[in-house]
Amino acid sequence: MELHPYTDAWDENDRHANFKAEVALYSTVDPLPTLENLSRDTGIPVPSLIRYVLVKYAASGSDALLAMTPIVLRQMEQHVERAESAGTDAARLEAYEALRQMIAWLRAGETER
């Protein structure tokens with residue numbers, strides 16, 4: 001399996017701009033050496049580990065809804081705190097947009113609403 005870095009350009013108003021930027025950032029790193037080491041240490045084949053990582057990530061939206069993991073909650077709180085510290089309508093609107101995107105991501109794994 002070839003895993004290519006994500007290199008693309010997108011409009012700053014693209015509703016997926018934050019996600020695309022994160023994919024571009026993280027995909028510069030080759031995950032295979034880590035997975036190969038884990039495979040060697042555990043005896044689990046690399047393709048099975050890749051499948052595990054993908055399923056674990058895909059389920060993380062649902063997991064976050066159920067558990068509201070500290071990182072998700074912390075990120076949401078930080079958006080609100082920054083907006084309140086700035087004390088401007090623009091900062092509050094920016095926080096609202098960030099929270100809206102986070103909620104959309106959390107809901108992305110749902111099949112029905």
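Bear in mind that the values in this text are calculations on the coordinates, not laboratory data. As the structure is a prediction and not an experimental result, all values here were calculated from the model. Neighbour counts are summed over all protein chains in view; Cβ atoms, including those assigned to glycine, are modelled from backbone coordinates with ideal geometry.
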- 13 Å beta-carbon shell around Ser85, net charge (K/R +1, D/E -1): -2
- Message: Quick one: 3J(HN,Hα) in Hz for the stretch 23-40, Karplus 6.51/-1.76/1.60 with θ = phi - 60°, rounded, Gly and Pro as x.
- Response: 4, 4, 5, 6, 7, 6, 8, 7, x, 4, x, 5, 5, 5, 5, 4, 4, 5
- Task: Note down the nm distance, to one decimal, between modelled labels 7 Å out along Cα→Cβ at Ile44 and at His4.
- Result: 2.8
- Message: Given a Förster distance of 35 Å, report the FRET efficiency between Leu73 and Asp14 from their Cβ-Cβ distance, rounded to the nearest 0.05.
- Response: 0.85
